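Reviewing the structure listed below.
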Amino acid sequence: MNFEYLREVAPQLLQGLSVTVEATAVGMTMACVLGLIVASVRLLRIPILGRVFGLYVLFFRNTPFLIQLYFLFYVLPELGIVLSAMVVGILGLALQYSAYTAEMYRAGFESIPKAQWEAAHALNFNSLQTLRLIILPQAIRPILPALGNQLISMFKDSSLLAAITILELFGTARQLASVSFQFTTLFTAVGLIYFALSYPSSILVNRLQSRFGRL
């Protein structure tokens with residue numbers, strides 16, 4: 001380990017880390033919102049759209065994330081859709097993880113007794129009102145630990161954004177290593193940074209699981 005070199009490049013690594021955190025935060029927010037929409041449409045059995053979203057979940061859960069990124073970054077411009085690398089990276093994370101969060105929401109919805117739907121309908125609530133006002137607030141609590149695990153996974157998977165030229169934490173380290181050849185120093189430091197942020201988060205998720213239980 002070359003600690004002197006590490007101190008020299010620390011500002012660049014921190015800049016890369018800020019990109020990683022930004023992509024993860026925005027990507028997870030979008031994934032949670034999109035996943036909720038997908039799960040709600042499927043739960044309410046909206047014609048045609050429900051089937052489309054079912055295929056959406058099936059596709060994104062069963063294809064490699066890296067291939068999805070390459071498609072968005074290299075194929076979309078040929079179709080006339082040109083986006084910046086950062087936008088593509090965040091969009092890729094959101095699409096990939098929304099398929100998983102949709103299944104988590106669905107599991108949460110199904111954990112609520114059907115009698116609550118029947119009681120709400122007896123009070124003249126329509127299906128959307130029942131879902132928004134009664135079912136969703138109860139379903140969120142048990143899936144919080146699972147969503148926390150997805151956030152940690154997204155934080156680690158964001159390193160794949162380096163494949164589409166985004167200089168997040170791993171991409172920055174790889175670029176620096178290609179010039180200085182300090183592979184051991186840089187990749188050890190990056191690995192420790194990921195661990196230092198992921199491990200405390202996993203402890204928090206375990207506490208959430210203890211408090212809210214598992215689905």
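Taken together, the values in this text are just the output of simple stated rules run on the coordinates, not laboratory data. All values reported here derive from a predicted model rather than from experimental measurement. So basically every Cβ, Gly included, is an ideal-geometry build from the backbone, and we count neighbours across all protein chains shown.
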Table column - 3J(HN,Hα) (Hz), segment 200-210, Karplus curve with 6.51, -1.76, 1.60, x for Gly and Pro: x, 5, 5, 5, 4, 4, 4, 5, 5, 5, 5
Selection from 47, 21, 10 lying farthest towards where the dipole of segment 1-92 points positive, charges on Cβ: 47
Karplus 3J(HN,Hα) series, Hz, for segment 168-182 with 6.51 cos²θ - 1.76 cosθ + 1.60 (x for Gly, Pro): 7, 4, 5, x, 5, 5, 5, 5, 5, 5, 5, 9, 8, 6, 8
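If R₀ is 45 angstrom, what is the calculated FRET efficiency for the pair residue 49 and residue 209, using the beta carbon separation as r and rounding to 0.05? Could the numbers behind the result be given before it?
Numbers: r = 33 Å, r/R0 = 0.73.
E between residue 49 and residue 209, to the nearest 0.05, is 0.85.
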Size of charge dipole - segment 56-187 - debye, nearest 20, with Cβ of Lys, Arg +1 and Asp, Glu -1, no other charges: 200 debye
Choice from 16, 54, 191 showing the highest fluctuation, given a GNM over the chain with Cα pairs closer than 10 Å: 191
Most mobile listed residue (48, 134, 90) in the chain, GNM with C-alpha springs under 10 Å: 48
Normalised convex hull volume, segment 157-207, alpha-carbon set, Å³ per residue: 63 Å³
GNM flexibility winner over the chain from 129, 68, 96 (Cα, springs under 10 Å): 129
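Within a Cβ distance under 14 Å of residue 50, other residues only, what is the Lys/Arg minus Asp/Glu net charge?
+4
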Whole-number percent relative contact order across segment 68-156, with pairs defined as alpha carbons under 8 Å at least 6 apart: 30 percent
Rounded to whole Hz, the Karplus (6.51, -1.76, 1.60) HN-Hα couplings of segment 126-136, x for glycine and proline: 7, 4, 5, 5, 4, 5, 6, 9, 10, 6, 4
Hydrodynamic radius of the chain per Kirkwood, over alpha carbon pairs, in Å: 19.2 Å
14 Å beta-carbon shell around residue 31, net charge (K/R +1, D/E -1): -1
